[in-house]
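Below: the structure, in structure tokens.
The values are calculated or read from the model by the stated rules, or taken from the named source; none is laboratory data. Small disclaimer: the values here were computed from a predicted structure and weren't measured. FYI the Cβ positions are ideal-geometry reconstructions off the backbone, even for glycines, and counts take in every protein chain you see.
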Amino acid sequence: MRRVALSLGVVAALGCSEEVPTGPTATDFSAEREAVSKRAAQREKNAQTAQAVAQGQGSRPAASGGNAPGGNMGGVDKDFVYDGTGKRDPFRSFLLEKADMLAEQVRGPLEQFDLAQLALEAVIWQTGNARALISDPSGETYIIAEGAKIGKNAGRVIAIDDSTIRVTETYVDHLGRETTKDIELRMRRNEGG
């Protein structure tokens with residue numbers, strides 16, 4: 001029993017003699033305080049240098065090597081001129097640009113066919129606002145008004161008359177020149193009857 005008590009006393013004495021730190025020490029705090037004050041002083045120095053360069057007074061920061069243009073490491077180069085020609089606007093979302101491109105690519109059902117494949121079935125007269133009934137090769141019919149897009153070549157309906165509609169189509173030749181052509185669609189007359 002005495003041995004057990006003596007063993008426990010020795011173990012307790014050995015365990016208590018080594019103190020385990022529970023957190024940062026005063027030395028750690030003072031080292032961190034010095035690092036923070038050095039960073040603050042460097043930030044202040046950089047701000048003063050940038051302000052002096054922006055106002056045109058003082059000298060630029062000395063280059064300490066590197067491959068920056070003119071040996072300028074992080075300073076402002078007065079000779080630099082940005083040319084944004086051919087570059088996208090960095091302040092405009094690329095998602096909006098993509099949506100605009102998709103909107104241009106989306107075509108209506110009447111823009112899937114050549115004008116020769118479409119048929120004028122009827123002209124509908126309302127009070128001063130004419131409309132036309134157009135059918136596609138599958139037999140689907142669509143009501144259109146002046147200004148509607150029609151045909152594969154970016155056609156627009158420019159006029160609706162008694163039995164005809166006039167469409168202006170734009171063609172682009174191999175040299176990139178645009179040519180417009182007016183095409184007239186007539187109502188087909190039934191034979192007999």
Legend entry - Among the residues listed as S7, S17, the single one being modelled with pLDDT under 80, farther than 30 Å from Y142 by Cβ, surrounded by 10 or more Cβ atoms within 10 Å (Cβ to Cβ) and among the polar types (S, T, N, Q): S7
Inset, instruction - Report yes if I134 is touching a Lys or Arg at 6+ places or on another chain (Cβ under 7 Å) and either within 30 Å of R177 (Cβ to Cβ) or at pLDDT 90 or above (or both), otherwise no. - result: no
Inset, instruction - For region 109-117, indicate whether the set of residues that are among the charged types (D, E, K, R) and at pLDDT 85 or above is non-empty. - result: yes
Inset, instruction - Give the residue, chosen from A68, A50, A99, that is surrounded by 10 or more Cβ atoms within 10 Å (Cβ to Cβ), under 30 Å from K152 (Cβ atoms) and at pLDDT below 85. - result: A99
